[in-house]
Amino acid sequence: MHILGIETSCDETAAAVVKDGRTVLSSTVASQIKFHSPYSGVVPELASRAHVVSVNAVIEEALKKAKVKRVDAIAVTIGPGLVGSLLVGKMTAEAMGWVRGVPVVGTNHIEGHLLSPLLSDPSLKPPFLGLVVSGGHTELILAESFGRYELLGRTRDDAAGEAFDKVAKMMNLGYPGGPVIDRLARRGKASRSPFPHPWLANSWDFSFSGLKTAVLYKWREKKRWSQRERMDVCAGFQRSVVDVLVGKTLAAARALKLKRIVVGGGVAANSLLRSEFDRLSRKQGVRVTLAPPALCTDNAAMIASAAHFRLRAGGASRPHVLKIEPQLHIPFTRRKMPPFRLAHQ
Ligand code: KG4
Ligand code: ZN
C-alpha cells in the first residue's frame with residue numbers, strides 16, 4: 001500500500017510517499033527557518049502563509065521522486081500544532097482525496113514521532129516504551145499496540161526542544177537552538193559549567209524551565225564570554241537535559257519490565273542523547289531504537305507510516321472527504337505508575 005503523507009503542523013511544509021508503512025520512497029521538506037529566525041521562534045501567521053505558498057509544490061515533488069502515479073490513501077497531520085498551519089494541510093488533503101477518490105486519514109503528530117523509529121528497524125512493533133522529545137512535546141508513552149497508548153509522564157512546562165531553543169536565544173546562538181547547542185557542546189566540557197538536574201523526584205513528569213532559568217542567571221554573571229566558556233555552558237546545559245531524559249526513560253523501562261524503547265522527535269537528533277541511550281541501554285540490557293536522523297525533526301514520512309499502521313489495525317478507515325477538526329492534543333489516558341526511582345537510589 002502506498003500512502004502520501006502531508007505534514008504542515010508547525011514550520012515545515014512536508015510531503016512523503018511511504019510503501020507498506022516501512023519503506024520511504026520520498027520525503028520532501030520545505031523549511032521555513034529563514035522566515036522565523038529573525039524572531040527566534042515560530043510566528044504562527046507567517047507559518048500558515050508559507051504553507052499555502054509551498055504545499056502544492058512540495059507534494060508534487062514528493063510524488064515525482066517516489067515515481068508513483070497512484071496512491072492508496074492520503075495521510076495528513078490533524079494535530080497537535082498551530083491551527084492555521086494544520087488547516088492548510090487538512091484542506092489540501094481533503095481536496096486531493098476527493099479529486100483522486102482515495103481515503104484521507106487524519107493522523108496525530110505525536111503518534112507520527114512515536115512511531116518514526118519503525119522506519120529505522122523493519123522488525124520493530126509494539127509493545128514498547130516511547131520517548132517523544134521535540135520543540136513542542138516531551139512525552140513518555142507506553143505503546144501497548146498500534147493506537148493503544150498510555151501516558152507515563154510529560155513536561156509540566158517547557159518541552160525539551162523548547163528549552164534548547166530558549167537557551168540558544170538568550171546566548172544569541174540563533175534558531176533553532178538544538179543543533180547549534182549540540183555542535184558547540186561537543187567541544188565544551190560539562191564539568192566546567194555544571195547545572196542542576198531537574199529530576200522531579202517522585203514523579204514521571206519532566207520540567208525544564210528551572211534549568212533554563214539557571215542558565216539565564218549564569219549567563220547574566222558576566223558581560224563577556226570566551227568561545228570556550230560558551231561551549232562549556234552549552235555542554236553543561238545539554239548534559240542536564242540528556243541525563244534526565246535518558247535516566248527517566250530507562251527507569252520507566254525497569255519499572256514496567258520492558259526491554260524495548262523507541263525515541264523520536266527533533267531532540268532525538270541530539271548526538272549526546274543518542275550516544276547516552278546507546279551506552280546506558282547496553283548496561284541495562286534493553287534495546288533502544290532511535291528515529292533515523294533525517295526523520296527526527298518534522299517530516300511527512302512519519303505521518304504516512306503512522307497512518308498505515310492505524311489503517312492496518314482497523315482504526316482509521318475513512319471516506320475521501322473527512323470532517324477532521326484540528327486535534328490540539330493527543331487523547332492519552334494516564335497510566336498508574338510505581339514511584340520513580342533512579343538506578344543508584
Ligand atoms: O520535532 P520537531 O521538528 O518539531 C516539533 O514537533 O516541535 O523538533 C524541533 C525541535 C527544536 O526545538 C530543535 O531545537 C530541536 O528539535 N532539535 C534539537 C536537535 N535538532 C533539533 N535539539 C537538540 N539537539 C539537536 N541536535
Ligand atoms: Zn514534531
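Nothing in this text is a laboratory measurement; each read-out follows from the coordinates by a stated rule. Every value quoted in this text rests on a predicted model; they were computed, and no experiment measured them.
Observations on the structure shown:
- The helix-based estimate of mean residue ellipticity at 222 nm for the chain, built from -39,500 (n - 2.57) per DSSP H run of four or more residues and divided by its residue count, is -13000 deg cm²/dmol to the nearest 500.
- Where Rh is the Kirkwood radius over Cα pairs, Rg/Rh for the range 109-192: 1.07
- The aspartates and glutamates within cross-link reach of K257, meaning a Cα-to-Cα straight distance under 15 Å and a gap of 8 or more places when in the same chain, are E144.
- Within the straight-line cut-off of under 24 Å between alpha carbons, the lysines reachable from K223 are K166, K169, K189, K212, sequence neighbours fewer than 8 places apart in one chain being disregarded.
- Euclidean distance between Cα centres, the range 15-92 to the range 174-191, Å: 28
- Rg over Rh for the chain works out to 0.98, using Cα positions for both radii and the Kirkwood form for Rh.
- Share of Cα-Cα pairs in the range 1-114 lying beyond 25 Å, as whole percent: 16
- Max mean-square fluctuation residue, GNM over the chain, Cα-Cα springs under 10 Å, options E139, E221, E276: E221
- For K67, the lysines whose Cα falls under 19 Å of its own Cα, not counting residues fewer than eight places away in the same chain, are K19.
- Fluctuation leader among A30, A300, A93 - the chain, Gaussian network, Cα springs under 10 angstrom: A30
- Average silhouette area of the range 130-272, convex hull of alpha-carbon atoms, in square nanometres: 8.5
- Per residue, the average separation of C-alpha pairs within less than 8 Å and at least 6 apart gives the chain a relative contact order of 25 percent.
- Taking a ≥ b ≥ c as the square roots of the eigenvalues of the alpha-carbon gyration tensor, the range 51-182 is classed oblate because a/c is 1.5 or more while a/b is no larger than b/c.
- Rounded if a/c under 1.5, otherwise prolate or oblate - the range 83-144, Cα gyration tensor axes: oblate
- Listed residues H109, H36, H137, most fluctuating in the chain (Gaussian network, C-alpha, under 10 Å): H36
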